[in-house]
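Written out below as C-alpha cells is the structure these notes cover.
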Amino acid sequence: MADEVNRLVILGSGPAGLTAALYSARANLSPLLVEGFSPGGQLTITTDVENYPGFEHGIQGPEMMEVFRRQAARFGTRFTIGDVSRANLGTRPFELTVEEGIVRCDALIVSTGASAKLLGLESEQRLMGYGVSACATCDGAFFKDKEVVVVGGGDTAMEEAIFLTRFCRKVTIVHRRNQLRASKIMQQRAFKNPKIAFIWDAVVEEIYGEPRTGVSGVRLQDLTTGNRSEFHTDGVFMAIGHQPNTAIFADQLEMDELGYIKVRPGSTYTNIDGVFAAGDVIDRVYRQAVTAAGTGCMAAIDAERWLEAQHQ
C-alpha cells in the first residue's frame, strides 16, 4: 500500500465524504475513501431522515448512507476500512497511517465529521434515534405536541430549546449549574418563551424507555442536595456541544479555538496546498447532511482543479 500513490484520498464516509467521492470518481480521479470503523458518520445513529431533498417519504439514516455509498462505488470509488492514526502533511506525497499501513496521496479531502458530546450513559446510546437526539433541527418535528428535555446551558442548548418550542408542548432545560453559559441575548429569548422551563443544578443520571416505545422519562440528581427524582419526558436532546474529529491534524491544519478546520472563504482550501476540508469538520453552525454534502461537492471540484493545475 505504501508504494502506491493515490491521486486523491478522502477521509470520512458521511454525506460530505461520500459526495466528494461521487464527484471525484465521476471526474476519473479514482478516489480512495478511508471509511473509518464507524462508516456513515452521524447519520448512522439517526432513524428517520425526512429533511433531505429527494426522499419524499423519508428514509432511515443508515439506509441513506448505503445509497450514497453504492452511488459513489458505481463510478469507481475505492474503499478501505480503518481509522487514520497519524497524518504527515509536511511531505509530498502526503502520508496517512491506517491499520493496513501507509496510504500516500497527492491530494487529500478531510471529511472526518464532528461527534456530539454525550453524557456517556448506556441508556443514551441504546435510545439514540429512539427519543434521544443530538440535533433538534433533524428530529424536532417528530415530537409535535410532546414534552422534551434539553440538556445543556450554552447558546446551542438555548437555540435547540427555542427551536423545539415550534413543535413541543413544553421544553425543560436541565443544566448542571445555577446560571446559564449562553449569551445574554439567547438567555433572554429562552426566559421569555412561555414553553420553556428550567431545572437548575441537576444532571441526567438515567434515561428510561425502550427503542420500541421511545423515551418515557429521566432520573435527575440534584447536585446541591444529592436528591434523586423521576421526571417524565417524551424525548431528550443533548446540547452540550460537538467535537470535530480533527485531533490528528493538530499543529498541521489551521483550526479555530474549538478544533474546526479553517478554509479559505468561498472554498474548501485549507492552509496546506492540496488539502481540502468538507462537512462538519468546517461547520460549527449548520451541521446538516445536506450542507455537508454540498461542501463535499465543493471539495471534490476544488481537488480536481488543483490536481489539474499541478498536471497530476
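Every number here is computed from the coordinates shown, using simple stated rules; none is lab data. Source: prediction; values computed, not measured. FYI the Cβ positions are ideal-geometry reconstructions off the backbone, even for glycines, and counts take in every protein chain you see.
Work out the length of the dipole vector of region 118-238 about its Cα centre, built from +1 on the beta-carbon of each Lys and Arg and -1 on the beta-carbon of each Asp and Glu, and round it to the nearest 20 debye. Intermediate results must be reported in sequence, preceding the final value.
Numbers: 16 positive and 15 negative charges, 100 e Å.
Result for region 118-238 is approximately 480 debye, rounded to the nearest 20.
Neighbours of ARG176 by Cβ distance under 12 Å: Lys/Arg scored +1, Asp/Glu scored -1, total -1. Using R0 = 22 Å, the C-beta based FRET efficiency linking SER267 and ASN51 works out to 0.25.
What does the charge count around SER267 come to, taking other residues whose C-beta lies under 12 Å from its C-beta (Lys +1, Arg +1, Asp -1, Glu -1)? Net local charge, SER267 excluded: +2.
Proximity of backbone amide H atoms, modeled 1.01 Å from N, is registered between GLU206 and ARG219 at under 5 Å, excluding neighbours fewer than 5 places apart on the same chain.
Taking the Cα centre of the chain as origin and charging only Cβ (+1 Lys, Arg; -1 Asp, Glu), how large is the dipole, in debye to the nearest 20? Walk me through the numbers on the way to the answer.
Details: 31 positive and 38 negative charges, 170 e Å.
The calculated dipole for the chain is roughly 820 debye.
When you count the other C-beta atoms within 10 angstrom of each residue and take the mean per peptide, 172-179, 268-275, 48-55 line up highest first as 268-275, 172-179, 48-55. A Förster radius of 35 Å combined with the Cβ-Cβ distance from PHE142 to ARG78 puts the calculated FRET efficiency at roughly 0.40. What is the chain's relative contact order, in percent, from Cα pairs under 8 angstrom and six or more apart in sequence? Over the chain, the number comes to 21 percent. Taking amide H atoms as placed 1.01 Å from N in the peptide plane, the amide H of ALA197 lies under 5 Å from those of VAL171, THR172, ILE173, each 5 or more residues away in sequence or on another chain. Packing-based ranking of 234-246, 218-230 yields 234-246, 218-230, ordered from highest to lowest mean Cβ neighbour count within 10 Å.
For region 4-14, 3J(HN,Hα) computed residue by residue from phi via the Karplus equation (6.51, -1.76, 1.60; θ = phi - 60°) reads 7, 10, 7, 5, 9, 10, 10, 9, x, 10, x Hz, glycine and proline entered as x. Within a straight-line Cα-Cα reach of under 30 Å, LYS195 can be paired with the following lysines, leaving aside sequence neighbours fewer than 8 residues apart in one chain: LYS117, LYS144, LYS146, LYS170, LYS184.
Projection of the Cα convex hull of the chain, averaged over all directions and equal to a quarter of that hull's surface, yields 17.0 nm². Whole-Hz Karplus values for region 196-207 come out as 9, 10, 10, 10, 9, 6, 9, 10, 7, 8, 7, 10 Hz, taken residue by residue from phi with 6.51 cos²θ - 1.76 cosθ + 1.60 and θ = phi - 60°; glycine and proline positions read x.
Between GLU257 and PHE191, residue separation times 0.36 nm minus the direct Cα-Cα distance comes to 20.9 nm.
With contacts defined as alpha carbon pairs under 8 Å and 6 or more residues apart, what's the relative contact order of region 118-238 in percent?
Values: 262 pairs, mean separation 37.3, N = 121.
Rounded, it is 31 percent for region 118-238.
For SER229, the shell of other residues with beta-carbons less than 9 Å away shows a net charge of 0, using +1 for Lys and Arg and -1 for Asp and Glu.
Working note: Cα atoms of region 61-151, range along each principal axis, descending, whole Å: 56, 31, 21. For region 275-289, the residues whose backbone nitrogen is under 18 Å from a point 7 Å from the Cα of GLN310, taken along Cα to Cβ, are 275-278.
Among the GluC sites (Glu not before Pro) in region 237-312, those located in a DSSP loop and surrounded by at most 10 other Cβ atoms within 10 Å of their own Cβ are GLU257.
Extension gain for the segment VAL290 to ASN28, taken as residue separation times 0.36 nm less the Cα-Cα distance, is 91.9 nm to one decimal.
Positive end of the dipole of the chain (Cβ unit charges, origin at the Cα centre): among ALA107, ILE196, VAL49, the Cα lying farthest that way belongs to ILE196. Using the Karplus curve 6.51 cos²θ - 1.76 cosθ + 1.60 with θ = phi - 60°, work out ³J(HN,Hα) for each residue of region 157-163 in order, rounded to whole Hz, and write x for Gly and Pro. For region 157-163, the Karplus-derived couplings read 5, 5, 4, 5, 4, 4, 4 Hz, x marking Gly and Pro. For the chain, CYS105, CYS168, CYS297 stand unpaired, since no other cysteine beta carbon lies under 4.7 Å from theirs. Scoring 107-118, 64-75, 9-20 by mean Cβ neighbours within 10 Å over their residues and listing the highest first yields 9-20, 107-118, 64-75.
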